[in-house]
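Following: one structure in structure tokens, then a few remarks.
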Amino acid sequence: QVQLVESGGGLVQVGGSLRLSCAASGSIFSINTMGWYRQAPGKQREMVAVITSRGITTYTDSVKGRFTISRDNAKNTVYLQMNSLKPEDTAVYYCTARITVERAFVIVENDYWGQGTQVTVSS
């Protein structure tokens, strides 16, 4: 019943910028932490940035000072502004969200994932 839809990926040159968006929809009671992960070919999926429901952010060291995560609670949307992109940023980027869903009188908290969007940084 809950779906995360990502957009904004593409091809960009070194030093360029991209803005990723991820909108959650469905039978949502509340959205807690939201975040972005990425997976490059042959590598493990890694956390890029997370943001709590209060707006507290955490970044992996390699993107600090270059990426900014934000959210619009009215739109159930999380964003990732990526500046000064490097070839090592090339990966599939996945949106994730911890969402509480109420069905009848039972509250269930699940982690949901988007389909992924490709980001390619060329030199």
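The values are calculated or read from the model by the stated rules, or taken from the named source; none is laboratory data. The structure displayed is predicted, hence computed values, not measured ones. Cβ atoms come from the backbone with ideal geometry, glycine included; neighbour counts cover every protein chain shown. We work out accessible area using only protein heavy atoms, side chains counted, and drop any ligands, DNA or RNA first. Shrake-Rupley method; radii C 1.70, N 1.55, O 1.52, S 1.80 Å.
Here is how the numbers come out for the structure above:
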item: Candidate set: the stretch 40-59, residues that are open to solvent by less than 60 Å² (accessible area, probe 1.4 Å) and touching a residue at least 24 places away in the same chain (Cβ under 8 Å); chosen: the one farthest from A97 (Cα to Cα); result: A40
item: From the options S62, S21, S70, residue that is over 13 Å from the mean Cα position of the chain (by Cα) and either open to solvent by 50 Å² or more (accessible area, probe 1.4 Å) or modelled with pLDDT of 95 or more (or both); result: S62
item: Checklist (1) farther than 18 Å from S7 by Cα; (2) open to solvent by 80 Å² or more (accessible area, probe 1.4 Å) applied to I28, failing item; result: (2)
item: Hits in the stretch 73-97 (condition: under 15 Å from Q3 (Cβ atoms) and not small (G, A, S)); result: K75, N76, T77, V78, Y94, C95, T96
item: Qualifying residue in the stretch 96-112 (condition: open to solvent by less than 60 Å² (accessible area, probe 1.4 Å) and either charged (D, E, K, R) or part of a loop (DSSP other than H, G, I, E, B) (or both)); result: no
